[in-house]
Amino acid sequence: MKHLLLTTIAAVLLVGCASLDLGTNVQPNLEVTKESLLVDTPKVDVRNVRKVFDDGHHNAFTDLTLFKGVYYLSFRSCLDGHGVSPNASVIILASRDTRKWKQVHTFSVPNRDTRDPHFLVFKDRLFVYTGTWYSGNGPAKSNTDLELNLHLGYASWSGDGAKWSEPILLDGTFGHYVWRAAAFGEKAFLCGRRKIGFDVGPKGEPNDIESLMLESDDGLIWRKRAAFQEIAGDETAFLFDQQGGILGIGRRRGTAQLLQSNPPYTKWIRRNLDRHIGGPLIAKWGGRTVVGGRHSTD
């Protein structure tokens, strides 16, 4: 992928979920069928595709947000392609109309692959978070050659969208691959996946990985709050309701999971969906809950 296309999400579910009783009879792995998800669901069509950036490099792993009346688009760019590489950087573009874009910030971290940037609007600041693999200064590597316990999250932030901080390491994220974030009240929350017990074992991405919900008061210093997935954890997108209840979508190697919990987030309902969802997104739109992500077909 040498250019970046601004388009809608590739796999879409419009989901309506009733509130669930998270009492003593929690069933950890319920099945959600296609029929139960897609009742009275309108058709979604991709009607407009526009190229917004092209520098000849591999440009991918995007996020989009609105901050103080301006749209911001972030993505990873790397001349070495998809593989883990210290030559990767995060690029941020800005636009008032989603048609004309200008680059407002870019950053990288020495000896680390900055990838999967995600935005968070929190306490009148715009944060962009990136999970980083430690890659050294050599050529692009396969994930199977790398150590998950050396993950470290970084952030850059801005108060006006024009002036940005240098990348700041996120305290409390060493050994975690950070991903999508959300805010509720005066707290920020971030998905971080890690080896269970920081196990020192085979390199790569084994099945004994958990995905956690990390919590922060300032968006920079993090601590564990809860566990989204206790086994086979992966990228998780989550959404808060007005009472602090969470509805989330967790990627897995097989089918994705629908996740639900209420404060204090000690009990969870996890439902297996009918499909794989890569790079999940969840948002409210038009009175519905929209889930999007990558859906691979044969």
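Data overview
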item: Rounded FRET efficiency, nearest 0.05, which uses the C-beta distance separating T98 from H276 and R0 of 35 Å; result: 0.75
item: Computed [θ] at 222 nm, deg cm²/dmol, the chain (DSSP H ≥ 4; -39,500 (n - 2.57); rounded to nearest 500); result: 0 deg cm²/dmol
item: Sequence of H58, H176, H276 once ranked by neighbouring C-beta atoms within 10 Å, starting from the fewest; result: H276, H58, H176
item: Prolate/oblate/rounded call for the stretch 79-137, Cα gyration tensor, a/c under 1.5 rounded; result: oblate
item: Extended-chain gain in nm, criterion 0.36 nm per residue less alpha-carbon gap, H295 and N48; result: 87.0 nm
item: Mean separation of Cα contacts under 8 Å, 6 or more apart, over the residue count of the stretch 190-298: relative contact order %; result: 17
item: Pairwise FRET efficiency - K123 versus N143, Cβ, R0 = 45 Å, nearest 0.05; result: 0.85
item: Length-normalised contact order of the chain in % [C-alpha pairs under 8 Å, at least 6 apart]; result: 16
item: Shape category assigned to the stretch 52-233 from the gyration tensor of Cα positions, a/c cut at 1.5; result: oblate
item: 3J(HN,Hα) from dihedral phi, the stretch 207-224, Karplus parametrisation 6.51/-1.76/1.60, rounded to Hz, x for glycine, proline; result: 7, 7, 10, 10, 10, 10, 9, 8, 10, 8, 8, 10, x, 10, 10, 10, 8, 6
item: Estimated D of the stretch 198-271 in µm² per second, where Rh is the Kirkwood radius over Cα pairs and Stokes-Einstein applies at 10 °C, 1.306 mPa s; result: 119
item: The stretch 153-252: GluC sites (Glu not before Pro) in DSSP loop, at most 12 other beta carbons within 10 Å; result: E186
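Any read-out appearing in this document is the output of simple, stated calculations on the displayed coordinates, not a laboratory observation. Not measured: the values here are computed from a predicted model. Neighbour counts run over all protein chains shown; Cβ positions are idealised from the backbone, glycine included.
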